[in-house]
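Student: I'd like to ask you about the structure that follows.
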Amino acid sequence: MNITLSQGDVSSRCEAILRSLPDWFGIEESLLEYVRDSVLHPTWVAQDTDGPAFGFITLREHFPSSFEVHCLAVHADRRRSGCGLALMQASEAWAKTRGARFMQVKTIAAGHPSLAYAETRAFYERVGYLPLEVFPDLWHPRNPCLQLIKAL
Ligand SMILES: CC(C)(COP(=O)(O)OP(=O)(O)OC[C@H]1O[C@@H](n2cnc3c(N)ncnc32)[C@H](O)[C@@H]1OP(=O)(O)O)[C@@H](O)C(=O)NCCC(=O)NCCS
């Protein structure tokens, strides 16, 4: 598996990856926003040599010292094979070289019944992210937001 900082337009492949994960990216408007953002913000893709990308991560820089995991997705057929972890490690290392001290991520909080997002929280905790605060109304009262953070 190769992880590379994307130099070209990988939006169509990112879109295919997101569409393989309807339990997480089922809202068309936000899916298309993530696709657009894969071109506007630093994005790493995971692929086999000469194969299509099957995972990606997009970061946003809020301050030179703090970045955010804006979008992270591994194609449904390739989940649980170390890709998510490798994408996190590559992008964190890059942010660190740019002086970042913290990485944050927002996801759906445990108050939501979704089993899919319980898996997402398990992943983030496994890769070193600690819960910082729940924002009940940031997105929608039905989708409480959990902010997690990691010191780099
Ligand atoms: C979350 C996601 C990015 C993780 O990527 P991945 O390649 O599947 O995960 P990895 O294989 O790198 O997992 C690393 C470790 O995280 C933990 N982990 C990963 N998926 C998990 C799950 N579904 N349940 C519990 N723990 C999990 C495990 O400890 C795993 O190590 P192990 O397989 O040796 O036990 C990916 O599954 C995905 O795209 N999920 C759907 C979309 C999503 O949740 N995006 C993130 C925010 S919207």
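Student: Which of the residues belonging to region 123-152 are assigned to a helix (DSSP H, G or I) and among the aromatic types (Phe, Trp, Tyr)? First the steps, then the outcome.
Tutor: Within region 123-152, the first condition is being assigned to a helix (DSSP H, G or I), and the residues that meet it are 123-126.
If the condition is that a residue be assigned to a helix (DSSP H, G or I) and among the aromatic types (Phe, Trp, Tyr), then Phe123, Tyr124 are the ones that fit.
Student: Further, regarding this structure: Go through the residues of region 39-54 one by one and say whether even a single one is in contact with a Leu (Cβ under 8 Å, 6 or more places away or on another chain) and open to solvent by 20 Å² or more (accessible area, probe 1.4 Å). First the steps, then the outcome.
Tutor: Going through region 39-54, the residues in contact with a Leu (Cβ under 8 Å, 6 or more places away or on another chain) turn out to be 41-44, 46.
Those left that are additionally open to solvent by 20 Å² or more (accessible area, probe 1.4 Å): 41-42.
Yes, because at least one residue in region 39-54 is in contact with a Leu (Cβ under 8 Å, 6 or more places away or on another chain) and open to solvent by 20 Å² or more (accessible area, probe 1.4 Å).
Student: Now a separate question. Those residues that are touching a strand residue (DSSP E or B) at 6+ places or on another chain (Cβ under 8 Å) and part of a helix (DSSP H, G or I), I need them from region 1-53; list them, please.
Tutor: Once the filter is applied, which keeps residues that are touching a strand residue (DSSP E or B) at 6+ places or on another chain (Cβ under 8 Å) and part of a helix (DSSP H, G or I), region 1-53 yields Arg13, Cys14, Ile17, Leu18, Tyr34, Asp37, Ser38.
Student: Scanning region 123-134 for residues that are touching a residue at least 24 places away in the same chain (Cβ under 8 Å) and more than 17 Å from the chain's Cα centre (by Cα), which turns out most open to solvent (accessible area, probe 1.4 Å)?
Tutor: Top of the filtered list is Leu132.
Student: Got a number for residues in region 35-87 being over 22 Å from Phe123 (Cβ atoms) and of a type in the set (S, T, N, Q)?
Tutor: Final tally of qualifying residues: 2.
Student: Follow-up. I need a count of the residues in region 105-152 that are in contact with a Lys or Arg (Cβ under 6 Å, 6 or more places away or on another chain) and among the hydroxyl-bearing types (Ser, Thr, Tyr).
Tutor: 1
Student: Related question: Answer yes or no: is there a residue in region 60-83 that is open to solvent by less than 60 Å² (accessible area, probe 1.4 Å), at positive phi and within 13 Å of the ligand (Cβ to nearest atom).
Tutor: Within region 60-83, the first condition is being open to solvent by less than 60 Å² (accessible area, probe 1.4 Å), and the residues that meet it are 65-76, 82-83.
From what is left, the residues that are at positive phi are 82.
Subset that is within 13 Å of the ligand (Cβ to nearest atom): 82.
Yes, region 60-83 has at least one match.
Student: Could you tell me whether region 107-122 includes any residue that is in a strand (DSSP E or B), modelled with pLDDT of 95 or more and buried (at least 16 other Cβ atoms within 10 Å of the Cβ)?
Tutor: Looking only at region 107-122, we keep the residues that are in a strand (DSSP E or B), and these are 107-108.
Filter again for modelled with pLDDT of 95 or more, leaving 107-108.
Those left that are additionally buried (at least 16 other Cβ atoms within 10 Å of the Cβ): 107-108.
Yes, the conditions are met somewhere in region 107-122.
Student: Scanning region 90-106 for residues that are touching a residue at least 12 places away in the same chain (Cβ under 8 Å) and part of a helix (DSSP H, G or I), which turns out surrounded by the fewest Cβ atoms within 10 Å (Cβ to Cβ)? Please lay out each step first, then the result.
Tutor: At the first step, the residues of region 90-106 found to be touching a residue at least 12 places away in the same chain (Cβ under 8 Å) are 90-92, 94-96, 98-106.
Filter again for part of a helix (DSSP H, G or I), leaving 90-92, 94-96.
Working: Ala90: 17, Ser91: 24, Glu92: 20, Trp94: 15, Ala95: 23, Lys96: 13.
If we take residues in region 90-106 being touching a residue at least 12 places away in the same chain (Cβ under 8 Å) and part of a helix (DSSP H, G or I), then Lys96 is surrounded by the fewest Cβ atoms within 10 Å (Cβ to Cβ).
Student: Being more than 8 Å from the ligand (Cβ to nearest atom) and under 19 Å from Pro22 (Cα atoms) is true for just one of Leu152, Leu148, Leu132, Leu115. Which residue is that? Give the derivation first.
Tutor: On the way: Leu152 fails: under 19 Å from Pro22 (Cα atoms); Leu148 fails: under 19 Å from Pro22 (Cα atoms); Leu132 fails: under 19 Å from Pro22 (Cα atoms).
Only one candidate passes the filter, namely Leu115.
Student: Let me ask something additional. Is it fair to say Arg19 is within 15 Å of the ligand (Cβ to nearest atom), without any contact (Cβ under 8 Å) to a residue 60 or more places away in the chain and within 22 Å of Glu119 (Cβ to Cβ)?
Tutor: On the way: within 15 Å of the ligand (Cβ to nearest atom): yes; without any contact (Cβ under 8 Å) to a residue 60 or more places away in the chain: yes; within 22 Å of Glu119 (Cβ to Cβ): yes.
So Arg19 fits the description; yes.
Student: Being in contact with a helix residue (DSSP H, G or I) (Cβ under 9 Å, 6 or more places away or on another chain) and assigned to a helix (DSSP H, G or I), is that true of even one residue in region 55-77?
Tutor: There is at least one residue in region 55-77 that is in contact with a helix residue (DSSP H, G or I) (Cβ under 9 Å, 6 or more places away or on another chain) and assigned to a helix (DSSP H, G or I).
Student: Let me ask you something else. Being away from the ligand (no atom under 13 Å from the Cβ) and among the small types (Gly, Ala, Ser) is the filter; apply it to region 22-52 and report the residue that is nearest to Ile108 (Cα to Cα).
Tutor: By that ranking, first place goes to Ser38.
The values are calculated or read from the model by the stated rules, or taken from the named source; none is laboratory data. Everything numeric in this text was worked out from a predicted model, so none of it was measured. Quick reminder, even Gly has a Cβ in these numbers, built from the backbone with ideal geometry, and neighbours come from all protein chains shown. Remember, those area values only see protein heavy atoms, side chains included, never the ligands or the DNA or RNA. Shrake-Rupley method; radii C 1.70, N 1.55, O 1.52, S 1.80 Å.
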